[in-house]
1. Name the one entry in Ser66, Ser6, Ser102 that is closer than 17 Å to Gly134 by Cβ and not hydrophobic (A, V, I, L, M, F, W, C).
2. Among Pro84, Pro104, Pro49, Pro63, which is more than 16 Å from the ligand (Cβ to nearest atom), under 15 Å from the mean Cα position of the chain (by Cα) and closer than 26 Å to Thr156 by Cα?
3. Can you tell me how many residues within segment 91-101 are surrounded by 11 or more Cβ atoms within 10 Å (Cβ to Cβ) and away from the ligand (no atom under 15 Å from the Cβ)?
4. Look through segment 53-66, keep the residues that are over 21 Å from Pro113 (Cα atoms), modelled with pLDDT of 95 or more and not hydrophobic (A, V, I, L, M, F, W, C), and return whichever of them is surrounded by the fewest Cβ atoms within 10 Å (Cβ to Cβ).
5. Select from segment 67-90 the residues that are surrounded by 12 or more Cβ atoms within 10 Å (Cβ to Cβ) and either among the β-branched types (Val, Ile, Thr) or at pLDDT below 95 (or both) and list them in ascending order.
6. Looking at (1) under 13 Å from the mean Cα position of the chain (by Cα); (2) crowded, with 19+ Cβ neighbours inside 10 Å; (3) aliphatic (A, V, I, L, M), find the lone condition where Val118 falls short.
7. Kindly list, by first and then second residue, each pair from a residue in segment 131-149 that is among the β-branched types (Val, Ile, Thr) to a residue that is within 11 Å of the ligand (Cβ to nearest atom), limited to pairs with Cβ atoms under 8 Å and residues at least 6 apart or on different chains.
8. Mind checking which pairs have a first residue in segment 42-69 that is on the phi > 0 side of the Ramachandran plot and a second that is part of a loop (DSSP other than H, G, I, E, B) and within 14 Å of the ligand (Cβ to nearest atom), Cβ under 7 Å, 6 or more apart or different chains?
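The values are calculated or read from the model by the stated rules, or taken from the named source; none is laboratory data. Everything numeric in this text was worked out from a predicted model, so none of it was measured. Here the Cβ is made from the backbone with ideal geometry for all residues, glycine too, and neighbour counts use every protein chain on show.
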Amino acid sequence: MKLPLSYYGNPVLRKKCREVEEINDEIRRLVSDMSETLEAQNGIGLAAPQVGKDLRLFITKVPVPSKDDPDQWEDGPLYVFINPVLSEPSPESWESSEGCLSIPKVYVPVTRPYRIKVEATDLDGNRFTEEFSGLQARCCMHENDHINGVLMIDRTDKASRKEIDADLRRIKKEYR
Ligand SMILES: [Zn+2]
């Protein structure tokens with residue numbers, strides 16, 4: 001089932017979310033609904049607070065270069081990160097424009113480390129650790145920010161933040 005999104009201005013997006021205590025049917029259903037929602041929105045990542053749930057959980061589905069033709073992109077794997085812990089950010093960082101399903105049609109430059117290690121629990125309850133780079137790493141950091149109540153607009157530079165001020169006010173009104 002597709003879930004309604006929480007938009008900028010909704011207090012759930014500013015919460016430090018709670019740990020997931022048990023992977024039960026409710027959590028499995030939530031993840032399945034979130035992945036359907038992500039697909040429908042054509043997004044690459046979605047965190048639980050974006051669908052109104054105060055939980056430390058996010059999913060990503062980042063496109064990967066095609067094996068046959070590296071200039072083409074194909075669907076990447078769906079990752080489920082429950083109670084994630086990020087560590088060892090690389091000293092190299094890069095700037096890229098980010099968007100957010102909770103802040104429609106707004107794009108801001110954000111500088112983030114190029115690589116990051118993510119430890120999390122999967123849907124079977126197993127703890128796993130994987131190192132990510134590039135867009136997949138960026139997506140994990142953006143989504144992990146969400147479960148700490150942090151948004152991309154908090155991480156952009158002052159001038160860019162000012163430029164989108166009117167958009168943010170509009171979204172706050174429009175989606176209340
Ligand atoms: Zn977002």
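1. Unique residue meeting the criteria: Ser66.
2. Values: Pro84 fails: more than 16 Å from the ligand (Cβ to nearest atom); Pro104 fails: more than 16 Å from the ligand (Cβ to nearest atom); Pro49 fails: more than 16 Å from the ligand (Cβ to nearest atom).
Criteria check complete, one pass: Pro63.
3. In the first step, residues of segment 91-101 are kept if they are surrounded by 11 or more Cβ atoms within 10 Å (Cβ to Cβ); the result is 93-101.
The next check asks that each one be away from the ligand (no atom under 15 Å from the Cβ); those that pass are 93-95.
The number of residues fulfilling the criteria is 3.
4. Step by step, filter segment 53-66, then rank; the result is Asp54.
5. Trp73, Gly76, Val80, Ile82, Val85
6. The one condition Val118 does not meet is (1).
7. Close Cβ pairs satisfying both conditions: Ile147/Ala47; Ile147/Pro49; Ile147/Phe58.
8. Gly52/Ser6
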